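Structure record follows, encoded as structure tokens.
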């Protein structure tokens, strides 16, 4: 009589509690900063925002001139996280199949039969650098953005799942705009953050010159494993947010929306005595064509959760929301010609909104015990 197969052993949880996971992520964050500092000089804020987006399951647009080590930064981060990394150089002749993969006919030499076989494209990785995404036609851009949104690609009517975590960082060159295909606003909205990579300071550039002209090479240590990253992404989603913080983020986003002149853009109205439906700021109503949509509120809150956890906290504060406002909102606010004439860009509008938006008093009854929810 044949033996019955042994029952499968259930997978052991990566962390014994959410509190332990918060401590692990905070510790890993400190180590990641140390490891990245061995090869990347400065850019601390950029690295922070990349990590926040990763643990919040978001994607990032990086904008900066050539030569600021964007590719090195991203590939180094992937090594420290033990994740696969690939880079696509976007060009005008790049086709969707060059990203997603394609089906080819192969012949079995033994039987002589032919069959289709799917060859995976570079999108099948964990960390994907889409270099100069605005240099490829919309059809190819859409193929990548579909993979970002759905976490899978469909080729020949067959759906192929992407292995989590899947993290896309798209770069744009702000200098050369001729012959480019700027991302439409609706597609930019799928990116959680838009991050500016700026020039280093004098001292930082001195260190870059000193390090890169020597012969020493740096081996980066793996700080987190893939299984830990997936578990930590789940923990970030469970971080509680007080009702007053949700109201704060919601009101902040709604203050970026000008009073519409087109009836089709109006809302369904608000309850009597509730907050205004549109911005009450004259600057916004004069200089902004379209404000941020509901996805901005979602990204502000989940990003604030990730920011809180990597700093070792189990709850979100208004400071977490304010710290991410520029990265979340700058590619969702569309200014008009009057803004350009007066020297305002999206960041200037956001700064004005932050200066005029104050947190409402905490509702102690509603907020009570929020910090104790995680791991309770």
Kindly indicate whether residue 306 is assigned to a helix (DSSP H, G or I), farther than 16 Å from residue 194 by Cα, touching a residue at least 24 places away in the same chain (Cβ under 8 Å) and within 15 Å of the chain's Cα centre (by Cα). yes
Answer from 339, 327 - the residue that is surrounded by 17 or more Cβ atoms within 10 Å (Cβ to Cβ), touching a residue at least 12 places away in the same chain (Cβ under 8 Å), touching a strand residue (DSSP E or B) at 6+ places or on another chain (Cβ under 8 Å) and over 20 Å from residue 52 (Cβ atoms): 339
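Yes or no, residue by residue, for (1) surrounded by 13 or more Cβ atoms within 10 Å (Cβ to Cβ); (2) out of contact with any strand residue (DSSP E or B) (no Cβ under 8 Å at 6 or more places or on another chain); (3) not in a loop (DSSP other than H, G, I, E, B):
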{"site": "159", "(1), (2), (3)": "no, no, yes"}
{"site": "174", "(1), (2), (3)": "no, no, no"}
{"site": "180", "(1), (2), (3)": "yes, yes, no"}
{"site": "195", "(1), (2), (3)": "yes, no, yes"}
{"site": "200", "(1), (2), (3)": "yes, yes, no"}
{"site": "208", "(1), (2), (3)": "yes, yes, yes"}
{"site": "211", "(1), (2), (3)": "yes, yes, yes"}
{"site": "214", "(1), (2), (3)": "no, yes, no"}
{"site": "232", "(1), (2), (3)": "yes, yes, yes"}
How many of the residues making up the stretch 49-72 are without any contact (Cβ under 8 Å) to a residue 40 or more places away in the chain and assigned to a helix (DSSP H, G or I)? 1
Mind checking whether some residue in the stretch 209-219 is at pLDDT 85 or above and within 21 Å of residue 70 (Cβ to Cβ)? yes
Only one of these is exposed (fewer than 13 other Cβ atoms within 10 Å of the Cβ), at pLDDT 85 or above and in contact with a strand residue (DSSP E or B) (Cβ under 8 Å, 6 or more places away or on another chain): 89, 49, 106, 113. Name it. 89
If I filter the stretch 31-44 down to residues being touching a residue at least 40 places away in the same chain (Cβ under 8 Å) and either more than 21 Å from the chain's Cα centre (by Cα) or in a helix (DSSP H, G or I) (or both), which single residue comes out as surrounded by the most Cβ atoms within 10 Å (Cβ to Cβ)? 32
For the structure I just gave you, tell me whether residue 100 is in contact (Cβ under 8 Å) with a residue 24 or more places away in the chain and not assigned by TED's automatic domain parsing to the domain that holds residue 72. yes
For residue 259, which of the numbered conditions (1) part of a helix (DSSP H, G or I); (2) modelled with pLDDT under 90 fails to hold? (1)
Any residue in the stretch 58-79 that is at pLDDT 90 or above and farther than 26 Å from residue 205 by Cα? yes
Just to verify a result, which residue in the stretch 106-126, among those that are assigned to a strand (DSSP E or B) and under 37 Å from the mean Cα position of the chain (by Cα), is farthest from residue 226 (Cα to Cα)? 116
Test each condition in (1) under 22 Å from residue 68 (Cβ atoms); (2) free of Cβ contacts under 8 Å to residues at least 60 places away in the same chain for residue 201 and report the one that comes out false. (2)
Only one of these conditions is not met by residue 148: (1) in a strand (DSSP E or B); (2) at pLDDT 80 or above; (3) out of contact with any helix residue (DSSP H, G or I) (no Cβ under 8 Å at 6 or more places or on another chain). Which number is it? (1)
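The values are calculated or read from the model by the stated rules, or taken from the named source; none is laboratory data. Predicted, not measured: the structure shown is a model, and the values here were computed from it. Glycine also receives a Cβ, built like all others from the backbone with ideal geometry; neighbour counts cover every protein chain displayed.
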